[in-house]
Amino acid sequence: MEASPKPRRARRGPPKPIAHGHVFHKGPLEVPHLGPRRVSVYLPPGYDQEPTRTYPVAYMLDGQNTFGDEGSFAGGWRMHLLLDRLHARKRTVPIVVAIHHGGVHRIDEMSPWRSGRGGGKADHFFDWVAGWLHGEVTSGLRVRRGPEHTLIGGASEFGRTRAKDFAFGF
């Protein structure tokens with residue numbers, strides 16, 4: 001005899017409203033040897049109301065569709081909505097820095113080696129992210145420092161990169 005699945009509890013009334021974080025855009029920012037780039041930043045709910053609180057940070061590479069459909073052929077991730085829901089459940093939510101790709105030069109900057117399609121410029125990209133951009137984020141936003149508070153992720157072409165090179169000098 002098979003056990004029947006546990007019935008779901010019926011929701012009582014309308015869903016509870018949740019606090020929302022804030023997404024803002026910077027750029028275009030000049031990336032040496034690669035050209036300009038946009039960056040989108042998510043600040044968790046309550047960021048402005050809690051001036052002493054610090055947050056982990058997540059860098060999303062090839063991240064132009066992290067928050068919306070822009071730059072996506074299949075739709076955006078809408079990560080901000082997920083993070084808002086996690087915050088409502090009292091989970092720690094990071095500041096997210098989504099770095100848009102370089103357009104037609106995307107393969108060049110995300111590949112550490114040269115191939116018939118281009119590539120070989122990932123070191124320039126990582127130098128900029130781990131150097132200038134990370135410096136701007138840590139000096140301008142309240143992020144926790146250290147590798148245990150830093151996440152590196154991304155989509156698509158990010159998989160071609162050498163994430164180990166993104167060590168922020170730790």
If you go through E70, E50, the only one that is of a type in the set (D, E), at pLDDT 85 or above and open to solvent by 20 Å² or more (accessible area, probe 1.4 Å) is E50
Checked the range 78-133 for anything at pLDDT 95 or above and touching a helix residue (DSSP H, G or I) at 6+ places or on another chain (Cβ under 7 Å); matches are V93, V96, V97
Scanning the range 91-118 for residues that are open to solvent by less than 10 Å² (accessible area, probe 1.4 Å) and of a type in the set (D, E) gives E109
Those residues of the range 41-97 that are of a type in the set (S, T, N, Q) and either touching a His at 6+ places or on another chain (Cβ under 7 Å) or under 23 Å from I107 (Cβ atoms) (or both) come to a total of 4
Note on the range 142-163: residues open to solvent by less than 30 Å² (accessible area, probe 1.4 Å), in a loop (DSSP other than H, G, I, E, B) and either at pLDDT 90 or above or in contact with a Lys or Arg (Cβ under 9 Å, 6 or more places away or on another chain) (or both) are G146
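The values are calculated or read from the model by the stated rules, or taken from the named source; none is laboratory data. Given the structure is predicted, the values throughout are model-derived calculations rather than measurements. Cβ sites come from the backbone with ideal geometry, for glycine too, and all protein chains shown count toward neighbours. We work out accessible area using only protein heavy atoms, side chains counted, and drop any ligands, DNA or RNA first. Shrake-Rupley method; radii C 1.70, N 1.55, O 1.52, S 1.80 Å.
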